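Colleague: Could you have a look at this structure, given as structure tokens, before my questions?
The values are calculated or read from the model by the stated rules, or taken from the named source; none is laboratory data. Not measured: the values here are computed from a predicted model. Each accessible area value is taken on the protein alone, full model and side chains, heavy atoms only, with ligands, DNA and RNA left out. Shrake-Rupley method; radii C 1.70, N 1.55, O 1.52, S 1.80 Å.
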Amino acid sequence: SLALCYATAFLGVFINEFVRKQGGPKFIKDFLRYLRVVVIIFIHVIVLVGYIFAYRFVKSDLQPVLTAALGIVTFISRRILLVQTSTFPIEVAMLISGFWVQNIDDMFQVVAFKSIKKPITYAYIFIVNFSMNLAFLLFLTPQWFKIRFFLRGCLRLRCLRAEDKKLMAPVDETDQPDERGYGTNRGGYIRRQIRFLIWRLFSQCTAMIFYLDMSNILRFGKNKQYYPFGTEPIIERTDDDDYYMSDYNYQNSMIYCSANLLIILADIAISFLLIRFLLNRAYRNLKTVQI
């Protein structure tokens with residue numbers, strides 16, 4: 001049904017735009033380029049659906065592992081989308097690869113809270129997500145850029161031979177507003193990572209708020225019997241006692257989301273101050289180029 005929705009929506013958009021802009025090779029090329037992006041996001045959503053099912057049926061000890069694996073999948077999807085959106089306007093490209101994928105990931109994570117079996121799992125999830133947030137901050141340091149530069153050279157088998165080291169381009173410290181951080185320009189890379197960090201923290205914040213609001217509606221609303229968040233199912237289930245969320249598990253999820261929301265807000269404030277005062281040049285450029 002999700003694939004049918006995607007196909008119907010894009011067929012309608014294609015026909016409308018084709019008629020309005022009178023078609024042409026350039027329109028077809030641009031539309032196919034964006035269609036590739038949507039297909040990648042659609043595949044990512046399918047993976048996330050599998051994540052929801054796996055989260056419900058695996059043992060509680062493996063649930064944090066799934067969260068870490070999801071972070072790796074999101075990283076890979078982001079890298080693929082960075083390549084596919086390289087010809088898009090920089091603001092749109094950063095929004096798609098930096099916010100769209102991350103926010104879908106975070107929303108699916110909170111939906112899976114219903115399946116958490118042990119309270120300690122929330123602590124593991126927090127450690128995984130906090131570690132990734134910290135890694136995004138470390139990506140902004142000059143030391144990491146040097147490590148990244150060295151690793152990229154090793155992967156290309158250039159820094160393994162002395163005669164090939166001369167072929168490696170030096171680190172570019174100039175300001176290039178249109179640079180997207182793919183090459184050796186440090187300013188472009190720092191701006192890209194700042195965008196990713198900002199979008200990631202904002203996405204996590206909205207996901208926590210979404211769960212705090214959504215779960216209350218599904219658990220206590222008039223249609224609560226139709227959702228697993230409720231405690232009064234319309235059909236009694238005897239073969240799956242943990243399908244519906246108990247009061248104890250729901251309380252744990254609300255405590256985690258409330259506490260995590262405060263921590264994320266603190267992360268946003270601290271990250272802004274660090275960027276504002278320690279990376280002032282990149283901060284000024286971002287204000288010009290836009291986040």
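Colleague: Using θ = phi - 60° and the Karplus form 6.51 cos²θ - 1.76 cosθ + 1.60, what ³J(HN,Hα) does each residue of region 138-144 get, whole Hz, x for Gly and Pro?
Modeller: Going residue by residue, I get 5, 5, 8, 7, x, 4, 5 Hz, with x marking Gly and Pro.
Colleague: For region 72-79, take each phi angle, set θ = phi - 60°, evaluate the Karplus expression 6.51 cos²θ - 1.76 cosθ + 1.60, and give the result in whole Hz per residue in order, putting x for glycine and proline.
Modeller: Values, residue by residue: 5, 4, 5, 4, 5, 4, 5, 5 Hz.
Colleague: What is the gain in length, in nm to one decimal, between Ser86 and Phe53 on full extension, counting 0.36 nm per residue of separation less the C-alpha to C-alpha distance?
Modeller: Extra length from Ser86 to Phe53 when fully extended: 8.5 nm.
Colleague: Checking the table Lys59/Lys114; Lys59/Lys118; Lys118/Lys222; Lys59/Lys224 against a 20 Å threshold on Cα-Cα, which pairs fail? Before the final figure, lay out the partial values.
Modeller: Details: Lys59/Lys114 14 Å; Lys59/Lys118 10 Å; Lys118/Lys222 28 Å; Lys59/Lys224 27 Å.
Over 20 Å apart, Cα to Cα: Lys118/Lys222; Lys59/Lys224.
Colleague: Let me ask another. Would you kindly state how much longer the chain becomes between Ser246 and Leu35 on full extension, computed as 0.36 nm times their sequence separation minus their alpha carbon distance, in nm to one decimal? Walk me through the numbers before you get to the answer.
Modeller: Working: separation 211, 0.36 × 211 = 75.96 nm, distance 4.21 nm.
Separation in residues times 0.36 nm, less the Cα-Cα distance, equals 71.7 nm.
Colleague: Grab the alpha carbons of region 56-109, take their convex hull, and tell me the volume per residue in Å³. Please report the intermediate quantities before stating the final value.
Modeller: Working: hull volume 3.4 nm³, N = 54.
Convex hull of Cα atoms, per residue: 63 Å³.
Colleague: Can you list residues from other chains, or at least 5 along the same chain, whose modelled amide H is less than 5 Å from the amide H of Asn185?
Modeller: Amide H neighbours of Asn185, under 5 Å, 5+ apart: Asp172.
Colleague: Can I ask one more? If you take the Cα atoms of region 73-144, find Rg, then find the Kirkwood Rh from the mean of 1/r over all pairs, what is Rg/Rh?
Modeller: Values: Rg = 15.0 Å, Rh = 14.1 Å.
Computed over Cα atoms, the ratio is 1.06.
Colleague: How much length, in nm to one decimal, is gained on full extension between Asn216 and Ile72, taken as 0.36 nm per residue of separation minus their Cα-Cα distance?
Modeller: Full extension of this stretch gives 48.8 nm more.
Colleague: So, one more: Over region 82-131, what percent of the accessible surface lies on carbon and sulfur atoms, probe 1.4 Å? Walk me through the intermediate numbers first.
Modeller: Details: 1460 of 1920 Å².
Accessible surface attributable to carbon and sulfur in region 82-131 totals 76 percent.
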